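First comes the structure, then the notes that go with it.
The values are calculated or read from the model by the stated rules, or taken from the named source; none is laboratory data. Since the structure is predicted, the reported quantities are computational estimates derived from the model, not experimental observations. Here the Cβ positions follow ideal geometry from the backbone for every residue, glycine too, while neighbour counts run over all protein chains shown. Accessible surface is based on the protein model in full, side chains and every heavy atom, while ligands, DNA and RNA are left aside. Shrake-Rupley method; radii C 1.70, N 1.55, O 1.52, S 1.80 Å.
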Amino acid sequence: MKLLQRSSRYYLFFSLLIFAVIALALFYALRYSLNHTIDELLVNTRQPLARELSARPLSSRMEIMDEIVELQPISVLTNRQTFRDTLIEIYDIEEAELEFEPYRKYTYDALIDDIPYRISISLSTVENEDIIRTVLVVVIGGLLLFLLAINLLNRYLSIRLWKPFYGTVAEIKAFSARQSTAPAFPPSETDEFADLNQELERMTDQMQREYDSLRRFTENASHEIQTPLAIIRNHLDILLRTPDRPEQDYRNLQRISEAVSRLGKLNRTLLLLTKIEHDQFPDATHVEVSNLLREKLEQLTSTIADKGITVTTDLAPLTIFLPPALADVLLNNLLSNAIRHNQVGGMVLITLGGKQLIIENTGPTNQLADHKVFDRFRKDSTLGDSLGLGLALVKEICARYGYRIRYEQLEKSHRVSLQF
Amino acid sequence: MKILLIEDEPDLASSISSYLSADGYLVETVRTLAGAYGKSGVYEYDCVLIDIGLPDGSGLDLVASLKREHHRAGIIIISAKDSINDRINGLDLGADDYLPKPFHLAELNARIRALQRRKSFDGQRIIEFGKILVNPVEQSVTVAGSLVRLTRSEYNLLLYFLANPNRVITKESVAEHLSGDNADLLDRIDFIYSHVKNLRKKLVDAGASDYIHSVYGVGYKWSQ
């Protein structure tokens, strides 16, 4: 929910609460003062009524002028007098029916011709109700109008005042530490926003600088490692050239050679990962996936045959936009993974269609959690020669080019699905 | 054949020079760009190996001027910086090949041989070893006159062996040679075994002697 909506909601809630209180207070105040007027009127009627009653025949209920007068003989005269609101059923001429109307009833004891009576005078308060209603409607209507106006003004001002803030947010959304340009935050005359922008500028600048230095460090480190590796490797080649070494020497040389090779691979794969992260593959072209898949499978034929793996394919043509070198890496890694993590006499099922590539292979169950297979250096410890970077590379490529990749471990097989 | 090696790292320069000298090449080594300009201004070379990152400048600058002045010289860039841009730039400037460090010396040797074959005009294009004849132009292989059908990997493997006879070639080196630029992206040592096995079988079946010898698990050696 937007801040503006939130604050408006509070405004509205509290305004309504206050309006309700005002309306209630107004209602009671008006009614009190109107009742008070009526009560005075009723009290003032006592004298003329006494004269009127002594001059006419008495009945228990009489209508004199607008008032309804009720008489009740009592034995003892008291000084008590009460005012109360009541509803009395009277005949409405316009509606032609009986209906209740509000009355103010004044009860007191008095002597009529020396006989004590309890006298009640009731006076209709319908008009009072009408007045109260009208006043309330006018007041509440006015208040609501006021509320609406305030709210609109508030909204307009907020949008104007918060504009720099939204500009800043948009800049941050578009910001990436990888980009070389600094974000341009919109200037603001509001102190808080100017402060925020200044701090953000400092932060983003530092982020970019640190990211850049880290990137350069990684790049330089990887490049610097290449030279000593080359020296080790070359001298190994020279050692191997000397004829007639004992077998033990060869075995040791082989171990060194393997380790050096592994180190070289590791280094260059990491370098490739950083390159993908930094978008250093600008030359994307249209790549036909099914053809490339067939080509890769062709290259792997001997390995597939050695493990006695059956490959089943169902390939529909699909063209994607990707640097060819990365398309190569992507498919190579997925396919060699499906073969490496397979069992002798196993199966690989490759389906390409509807912008989706599914590679399913039989193989021993994986010890890793499903989402961890894409992490760097996560690998099944039973496979010593694996670098644990293959799927990390795949994931990085997918992330960069907006493909969705998912790994599932099925009952006896593994499935990687890639949504282009 | 004369080779000029421009490499600032002494250890690397000495190993390359010693390996190539043993193959009968005449190798001269300089460590700086200035030295390279000096040497190449005076002598003729058949092949120049240039490192890009030199203390006094980029080897790329040398490529263009070498190409202008020595048409016959083959140029191979050896660089620790395996960047696509450098590769494209180098090849655009007239380099014949690009080999990222770290490389196997056998690989360098094979590249020099291939370059030499491409550059030579005196009919030495056919490679011969015993009864085996390889025609790189047609990419065909015959044993005692009859054609042997090889896959691309097997053909590349054969050329690699022929470029490095009588030497132990490690499995890693073979793997990288066969998988080219993607070598580092794959753990594919195991696939070499079947390629070697198939090549050996095809050649022997066609009537050639078995020249491929395994060397204690470290690799292979092509010899009589």
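Here is how the numbers come out for the structure above:
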item	result
Output for the stretch A:359-373, where each listed residue is at pLDDT 75 or above and open to solvent by less than 40 Å² (accessible area, probe 1.4 Å)	A:359, A:361, A:362, A:363
Members of the stretch A:91-118 that are in contact (Cβ under 8 Å) with a residue 24 or more places away in the chain, open to solvent by 30 Å² or more (accessible area, probe 1.4 Å) and of a type outside the set (Lys, Arg)	A:101, A:102, A:111, A:113, A:115, A:117
When residues of the stretch A:126-139 are limited to those that are modelled with pLDDT of 85 or more and more than 12 Å from residue A:29 (Cα to Cα), the one most open to solvent (accessible area, probe 1.4 Å)	A:133
The lone exception for residue A:298 - which of (1) surrounded by 15 or more Cβ atoms within 10 Å (Cβ to Cβ); (2) free of Cβ contacts under 8 Å to residues at least 60 places away in the same chain it fails	(1)
Scope the stretch A:172-182; condition at pLDDT 85 or above and either touching a Leu at 6+ places or on another chain (Cβ under 8 Å) or of a type in the set (A, V, I, L, M, F, W, C) (or both); matching residues	A:172, A:174, A:175
Condition broken by residue A:28, with the remaining ones in (1) under 30 Å from residue A:143 (Cα atoms); (2) surrounded by 14 or more Cβ atoms within 10 Å (Cβ to Cβ) satisfied	(2)
Checking residue A:265 against (1) among the basic types (Lys, Arg); (2) surrounded by fewer than 16 Cβ atoms within 10 Å (Cβ to Cβ); (3) facing chain B (nearest Cβ under 7 Å), the condition it does not meet	(2)
Flag if residue A:344 is more than 16 Å from residue A:396 (Cα to Cα) and either within 8 Å of chain B (Cβ to nearest Cβ) or surrounded by 14 or more Cβ atoms within 10 Å (Cβ to Cβ) (or both)	no
Residues of the stretch B:189-201 that turn out to be closer than 16 Å to residue B:162 by Cα and basic (Lys, Arg), as a count	1
Subset of the stretch A:31-58 [among the basic types (Lys, Arg) and over 22 Å from residue A:142 (Cα atoms)]	A:46, A:51, A:56
Lone qualifier among B:50, B:3, B:78 - being within 14 Å of chain A (Cβ to nearest Cβ) and either in a strand (DSSP E or B) or within 25 Å of residue A:262 (Cα to Cα) (or both)	B:78
Tally, over the stretch A:347-358, of residues that are touching an Asp or Glu at 6+ places or on another chain (Cβ under 6 Å) and either open to solvent by less than 30 Å² (accessible area, probe 1.4 Å) or not hydrophobic (A, V, I, L, M, F, W, C) (or both)	1
Number of positions in the stretch A:282-291 that are surrounded by fewer than 19 Cβ atoms within 10 Å (Cβ to Cβ) and hydrophobic (A, V, I, L, M, F, W, C)	1
Looking only at the stretch A:318-336, and only at residues there that are more than 10 Å from chain B (Cβ to nearest Cβ) and open to solvent by 20 Å² or more (accessible area, probe 1.4 Å), the one that is farthest from residue A:417 (Cα to Cα)	A:324
Members of the stretch B:10-30 that are within 14 Å of chain A (Cβ to nearest Cβ), of a type in the set (D, E, K, R) and either in a helix (DSSP H, G or I) or farther than 18 Å from residue B:107 by Cβ (or both)	B:11
Complete set of residues in the stretch B:31-42 that are surrounded by 20 or more Cβ atoms within 10 Å (Cβ to Cβ) and either of a type in the set (Ser, Thr, Tyr) or not in a helix (DSSP H, G or I) (or both)	B:40
Helices (runs of 4 or more DSSP H) contained in the stretch B:82-182 and holding at least 2 residues under 14 Å from the mean Cα position of the chain (by Cα) and touching a residue at least 12 places away in the same chain (Cβ under 8 Å)	B:105-119, B:152-163, B:171-179
Residue match in the stretch A:308-317 (condition: open to solvent by less than 20 Å² (accessible area, probe 1.4 Å), facing chain B (nearest Cβ under 9 Å) and either out of contact with any Lys or Arg (no Cβ under 8 Å at 6 or more places or on another chain) or not aromatic (Phe, Trp, Tyr) (or both))	no
Total residues in the stretch A:66-92, condition part of a strand (DSSP E or B) and among the polar types (S, T, N, Q)	4
Residue under evaluation residue B:46, criteria (1) more than 21 Å from residue B:100 (Cβ to Cβ); (2) out of contact with any Leu (no Cβ under 7 Å at 6 or more places or on another chain); (3) surrounded by fewer than 18 Cβ atoms within 10 Å (Cβ to Cβ), criterion not met	(3)
So residue A:33, is it more than 13 Å from residue A:120 (Cβ to Cβ), outside any helix (DSSP H, G or I) and either outside the structural domain of residue A:120 (by TED's automatic domain parsing) or among the polar types (S, T, N, Q) (or both)	no
Single unsatisfied condition, residue B:172 versus (1) within 19 Å of residue A:260 (Cβ to Cβ); (2) open to solvent by 10 Å² or more (accessible area, probe 1.4 Å); (3) not aliphatic (A, V, I, L, M)	(2)
Failed item in (1) over 17 Å from residue A:392 (Cβ atoms); (2) in contact with a Leu (Cβ under 6 Å, 6 or more places away or on another chain); (3) hydrophobic (A, V, I, L, M, F, W, C), with residue A:322 passing the rest	(2)
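Okay, residues lined up against (1) among the hydrophobic types (A, V, I, L, M, F, W, C); (2) open to solvent by less than 60 Å² (accessible area, probe 1.4 Å); (3) assigned by TED's automatic domain parsing to the domain that holds residue A:272; (4) at pLDDT 80 or above:
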position	(1), (2), (3), (4)
A:214	yes, no, yes, yes
A:223	no, yes, yes, no
A:233	no, yes, yes, yes
A:237	no, yes, yes, yes
A:244	no, no, yes, no
A:247	no, no, yes, yes
A:252	no, no, yes, yes
